[in-house]
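A short worksheet on the structure shown next.
The values are calculated or read from the model by the stated rules, or taken from the named source; none is laboratory data. Fair warning: this is a prediction, and the values are worked out from it, not measured in the lab. Methodologically, a virtual Cβ is constructed for each residue, glycine included, from the backbone with ideal geometry; neighbour enumeration extends over all protein chains shown.
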Amino acid sequence: MLYNEDCVEGCKKYIANDSVDLIVTDPPYNLGFGGTKQTKSKQPRFSIIANDQLSHRDYQRFTFQWLHQAYRVLKPGRHIYVCIDWRMYPHMVLWMRRVGFIVKNCIVWDKERMGMGWQYRYRHEFIIFAVKDATRNRRVKTRTSTDVWRYPRIPGNKTVHPTEKPLDLMSKAIQESSEEGERVLDLFMGSGPAAVAALTLNREFTGFEVDLSHFDTASKRVSELSFNR
Ligand SMILES: C[S@@+](CC[C@H](N)C(=O)[O-])C[C@H]1O[C@@H](n2cnc3c(N)ncnc32)[C@H](O)[C@@H]1O
């Protein structure tokens, strides 16, 4: 199920307590990001992401709201993966702990290709890996898997969303932390790579996206998937 709705309200309406097997999500980082400006017109190709330009206090309030919902709906012992970058990492990790998640690791996504930034161009992001109720912590599938994941980022001129994540990155988390037929949730779907990955891997999927144009992109990707199967 894909919903063009605010994820906090949507979770309250549609998702029962302890009913989701895995959360993989990529929230706004509050960096006011609208995508690369390396276009012919020097203008960004997208408008700024919703909830990506808040005061720190409003961002904290917004984050607590969705984290509370994430904690409520996740089954005990199941995993949550939250994408974030180095600037927001210390806050996000603290806020996740405050709502009750037990943070187990910080995965480094090595994007293989450099992006923006100067004085060391950005080539990595973090993915906070946590569990609800560590006493029942499910094991990840691949025992030899490390906390550095190398998947090339999508070049800026090929993206369909300003902060698009590669399909393989989402697939990795889903494969490691869920079984076929289980329910995966993404509260901030964007262009829908987690949806495509989950459905391709025969999981159930629930996703929220508040921006209609990104929601349409995700829905189109998902419907093309069903058409090709
Ligand atoms: C960092 S992006 C996710 C990008 C996605 N991983 C992708 O690869 O396309 C965050 C998304 O969350 C959406 N968003 C922001 N606030 C939201 C809310 N309250 N509920 C649902 N979606 C929201 C934004 O419109 C944006 O598309």
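The table for this structure:
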| read-out | value |
| --- | --- |
| Any pair with Cβ under 8 angstrom, 6 or more apart, that starts in segment 147-174 at a residue that is within 17 Å of P28 (Cα to Cα) and in a helix (DSSP H, G or I) and ends at one that is within 12 Å of the ligand (Cβ to nearest atom) and modelled with pLDDT of 95 or more | M170/V24; M170/P193; M170/A194; M170/V196; M170/A197 |
| Yes/no for Y81 being among the hydroxyl-bearing types (S, T, Y) and surrounded by fewer than 20 Cβ atoms within 10 Å (Cβ to Cβ) | no |
| Subset of segment 50-80 [farther than 15 Å from L187 by Cβ and part of a loop (DSSP other than H, G, I, E, B)] | Q53, L54, S55 |
| Given (1) out of contact with any Ser or Thr (no Cβ under 8 Å at 6 or more places or on another chain); (2) within 14 Å of the ligand (Cβ to nearest atom); (3) basic (K, R), index of the condition R57 fails | (2) |
| Any hit, segment 151-158, residues being more than 10 Å from the ligand (Cβ to nearest atom), closer than 29 Å to H91 by Cβ and among the aromatic types (F, W, Y) | yes |
| Pair list, Cβ under 6 Å, 6 or more apart: segment 10-26 residue free of Cβ contacts under 8 Å to residues at least 60 places away in the same chain, other residue not polar (S, T, N, Q) | N17/R72; D18/K75 |
| Among residues of segment 182-200, those that are assigned to a loop (DSSP other than H, G, I, E, B) and in contact with an Asp or Glu (Cβ under 7 Å, 6 or more places away or on another chain), counted | 5 |
| Qualifying residue in segment 159-169 (condition: more than 12 Å from the ligand (Cβ to nearest atom) and of a type in the set (K, R)) | no |
| Pair list, Cβ < 8 Å and 6+ apart or interchain, from segment 199-228 residues that are among the hydroxyl-bearing types (S, T, Y) to residues that are at pLDDT below 95 and in a helix (DSSP H, G or I) | T200/L225 |
| Odd one out for C106 among (1) within 15 Å of the ligand (Cβ to nearest atom); (2) more than 20 Å from G192 (Cβ to Cβ); (3) in contact (Cβ under 8 Å) with a residue 24 or more places away in the chain; (4) surrounded by fewer than 17 Cβ atoms within 10 Å (Cβ to Cβ) | (1) |
| T206 away from the ligand (no atom under 15 Å from the Cβ), β-branched (V, I, T) and either in contact with a Leu (Cβ under 7 Å, 6 or more places away or on another chain) or at pLDDT 95 or above (or both) | no |
| Any hit, segment 181-190, residues being more than 14 Å from the ligand (Cβ to nearest atom) and either among the basic types (K, R) or surrounded by 13 or more Cβ atoms within 10 Å (Cβ to Cβ) (or both) | yes |
| Which numbered condition D211 misses (of (1) near the ligand (Cβ under 10 Å from one of its atoms); (2) within 12 Å of the chain's Cα centre (by Cα)) | (2) |
| Filtered residues of segment 3-24 (kept if among the hydrophobic types (A, V, I, L, M, F, W, C) and either part of a helix (DSSP H, G or I) or within 11 Å of the ligand (Cβ to nearest atom) (or both)) | C7, V8, C11, V24 |
